[in-house]
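First the structure, in the form of structure tokens, and then the observations on it.
The values are calculated or read from the model by the stated rules, or taken from the named source; none is laboratory data. A quick note: this is a predicted structure, and the numbers were derived from the prediction, not measured. When we count neighbours, we look across all protein chains shown, and the Cβ atoms used for this are built from the backbone with ideal geometry, even at glycine.
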Amino acid sequence: MSYYIISDLVHYCNVRVKQVEEMKLEVIDYYDLTFVLEGKMVYVIDGKEIVLNKNDVLFVKPNSQRTRYKTFEKSTYVSLNFRTDLTDIKLPVYMKNAVKPSVRKLLSFYPDSYLPDESSLKKCIYLYNYILLEMLESVNPKSENRHVEKMLGYINNNITKPITLTGLSEYTNLTKEYCSWIFKKEMGESPLNYINRQKMTVAKDLIQHNRMSLSDISDYLGFDNYNYFSRLFKKYHKMPPISFKR
């Protein structure tokens, strides 16, 4: 039986420890969602080190290579391993300061350990689905305007392809001028700026957590000119991609 997003809870823990224990290297076949409430944790995901501090969130997809270092300080974290009937969940691997007050309050309802009886299982699944929906809404902007909502969906589904104002116009059956005007009115920025910012967010995530070369990332995101990709990356992240990779 599917409960919105999570269909099967593999493992759950709510841990307060003096030190975080080392985790062996493995390729996981489930999603790993970890919230750091206090302290520090250090993971290596697909060969890239990720340092999690207070209020940071880790989201690891199936078929990823995962390990964790031992850390010698007091930490509190909630970790969830689950499976889903969805084909994909669009959250970045690393989310800085993503434990908002509403999420922290929901996490406080959980016991120190997961009790695998049917009632506890359903409670955990329902609450975690709510948390996941909250996080998806925070990283995937919404609009009350149906035309803008349609454009956001188009951009999200085609983020690895070249996206133009002409393409948005044709998709929504609106003029380019109206597309630009209504999008900026609702979202506070032009469609082009939003598209580029979203692409550079994906680029940053790929550089941190993927073994792709910079030129391959540029191609993957629909750029036929690496220099233009590099200039955009520097504009949004204050350094060229080669410096960020180092």
Q: Could you tell me whether any residue of region 54-67 is hydroxyl-bearing (Ser, Thr, Tyr), assigned to a loop (DSSP other than H, G, I, E, B) and without any contact (Cβ under 8 Å) to a residue 40 or more places away in the chain?
A: yes
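What do you reckon, is Ile131 assigned by TED's automatic domain parsing to the domain that holds Phe82, within 29 Å of Ser102 (Cα to Cα), β-branched (Val, Ile, Thr) and modelled with pLDDT of 80 or more?
Details: assigned by TED's automatic domain parsing to the domain that holds Phe82: yes; within 29 Å of Ser102 (Cα to Cα): yes; β-branched (Val, Ile, Thr): yes; modelled with pLDDT of 80 or more: yes.
Yes, satisfied.
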Q) Filter region 24-48 for residues that are over 16 Å from the mean Cα position of the chain (by Cα) and of a type in the set (D, E, K, R); which is surrounded by the fewest Cβ atoms within 10 Å (Cβ to Cβ)? A) Lys24
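Residue-by-condition table, conditions (1) in the same structural domain as Asn158 (by TED's automatic domain parsing); (2) at pLDDT 90 or above; (3) in contact with a Ser or Thr (Cβ under 8 Å, 6 or more places away or on another chain); (4) not charged (D, E, K, R):
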site	(1), (2), (3), (4)
Thr175	yes, yes, yes, yes
Gln198	yes, no, no, yes
Lys204	yes, no, no, no
Asn210	yes, no, no, yes
Ser215	yes, yes, no, yes
Phe229	yes, yes, yes, yes
Leu232	yes, yes, no, yes
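Would you mind stating whether Lys238 is in contact with a helix residue (DSSP H, G or I) (Cβ under 8 Å, 6 or more places away or on another chain), among the basic types (Lys, Arg) and under 25 Å from Glu49 (Cβ atoms)? Quick ask: steps written out before the conclusion?
Values: in contact with a helix residue (DSSP H, G or I) (Cβ under 8 Å, 6 or more places away or on another chain): no; among the basic types (Lys, Arg): yes; under 25 Å from Glu49 (Cβ atoms): yes.
No, not satisfied.
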Q: From (1) over 30 Å from Tyr30 (Cβ atoms); (2) aliphatic (A, V, I, L, M); (3) at pLDDT 85 or above, pick out the condition that doesn't hold for Leu152.
A: (1)
